[in-house]
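Have a look at the structure below before the remarks.
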Amino acid sequence: LRQANERLTAEVAERVAAVERLQRLIDTAREGIWVLDAVGRTTFANARLAEMLGYTPDEMIGRLFYDFMDEARWEEAARNLERRRQGAAEDLDFELRCKDGSNVWVLLATNPILDQDGTMVGALAVLTDITERKRAEQHQRLLLRELDHRVKNTLASVLALSELTLERASSLEEFRQAFDGR
């Protein structure tokens with residue numbers, strides 16, 4: 001009985017140490033870690049995720065994941081959860097709403113959590129803040145639209161100039177010289 005008790009004590013100590021190591025890993029992760037149950041209710045949120053969204057982990061526990069997004073995203077989120085139910089894992093860009101009402105873009109790496117029968121009992125998501133990347137992409141699109149507009153204006157000016165020059169030129173050589181000069 002004493003040997004069994006010693007083995008049990010040692011096993012408990014090993015498990016406690018393993019849990020402590022796992023907790024340190026989770027606490028030091030630069031990404032948000034989010035665990036949902038089968039209906040999308042938060043069962044775990046690490047400190048980084050809570051920080052991204054402006055909450056404490058305790059404030060997030062028990063809340064539906066819909067609570068952390070604009071209503072316009074609910075349908076997309078429901079489709080994503082249904083894909084987890086079908087066993088699909090995926091990476092996607094998704095916009096979440098912070099406690100202060102601002103939004104944050106995240107790269108959402110999601111996986112279903114399955115029981116021994118293969119039934120989805122929850123979902124695990126690892127979130128990386130990509131808000132700055134999204135802002136840079138939006139700025140780049142704006143610059144490209146502006147560049148496109150300016151190029152079209154420039155080409156329209158060149159075309160108008162060439163037509164005017166062509167109307168006044170009596171030969172191809174005269175056109176070339178006048179056009180080059182302008």
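The values are calculated or read from the model by the stated rules, or taken from the named source; none is laboratory data. Since the model is a prediction, treat every value here as computed from it, not as a measurement. Cβ atoms come from the backbone with ideal geometry, glycine included; neighbour counts cover every protein chain shown. We work out accessible area using only protein heavy atoms, side chains counted, and drop any ligands, DNA or RNA first. Shrake-Rupley method; radii C 1.70, N 1.55, O 1.52, S 1.80 Å.
Residue-wise HN-Hα couplings along the range 13-18, as the Karplus relation 6.51 cos²θ - 1.76 cosθ + 1.60 with θ = phi - 60° gives them from phi, are 4, 4, 5, 4, 5, 5 Hz; Gly and Pro carry x. For helix 172-181, what angle does its Cα long axis make with the longest principal axis of the chain, in degrees from 0 to 90 and rounded to 10? Helix 172-181 sits at roughly 60 degrees to that axis. Modelled label positions at Leu107 and Leu143, each set 7 Å beyond Cα in the direction of Cβ, lie 2.1 nm from each other.
Between the residues Ile33, Tyr66, Val106, the greatest Cα displacement towards the positive end of the dipole of the range 1-121, with unit charges on the Cβ of Lys, Arg, Asp and Glu, is found for Ile33.
For the chain, the per residue solvent-accessible surface stands at 69 Å², with DNA, RNA and ligands left out and a 1.4 Å probe.
Pro57 sits among other residues whose Cβ lies under 10 Å from its own Cβ, and their net charge, with Lys and Arg +1 and Asp and Glu -1, is -2. Taking amide H as placed 1.01 Å from N in the peptide plane, Leu114 has its amide H under 5 Å from the amide H of Val121, each at least 5 places away in sequence or on another chain.
Near the amide H of Cys98, within less than 5 Å, lie the amide hydrogens of Asn103, Val104, all on another chain or at least 5 residues away, with H placed in the peptide plane. Take the alpha carbon gyration tensor of the range 68-165, find the square roots of its eigenvalues, order them as a ≥ b ≥ c, and report rounded if a/c is under 1.5; if not, report prolate when a/b exceeds b/c, else oblate. Prolate shape, in that a/c is at least 1.5 and a/b is the bigger ratio. Here the accessible area of the chain is 55 percent carbon and sulfur, with a 1.4 angstrom probe and all protein chains present.
Label positions at Tyr66 and Val16, each projected 7 Å from the Cα along the C-beta direction, are separated by 4.3 nm.
The angle between the Cα long axis of helix 131-168 and the longest principal axis of the Cα atoms of the chain comes to about 10 degrees, rounded to the nearest 10. Sort the range 1-87 into rounded, prolate or oblate with this rule: let a ≥ b ≥ c be the square roots of the eigenvalues of the Cα gyration tensor; rounded if a/c is under 1.5, and if a/c is not under 1.5, prolate when a/b is larger than b/c, oblate otherwise. Prolate, since a/c reaches 1.5 and a/b exceeds b/c. Full extension of the chain segment joining Asp93 with Ala4 gains 26.9 nm, where the gain is 0.36 nm per residue of separation less the Cα-Cα distance.
When semi-axes √(5λ) of the Cα gyration tensor in Å is calculated for this entry, the matching label among [x] 62, 18, 16; [y] 38, 21, 10; [z] 70, 15, 11 is [x].
The Cβ shell under 14 Å around Leu96 holds other residues with a net charge of -4, Lys and Arg each +1, Asp and Glu each -1.
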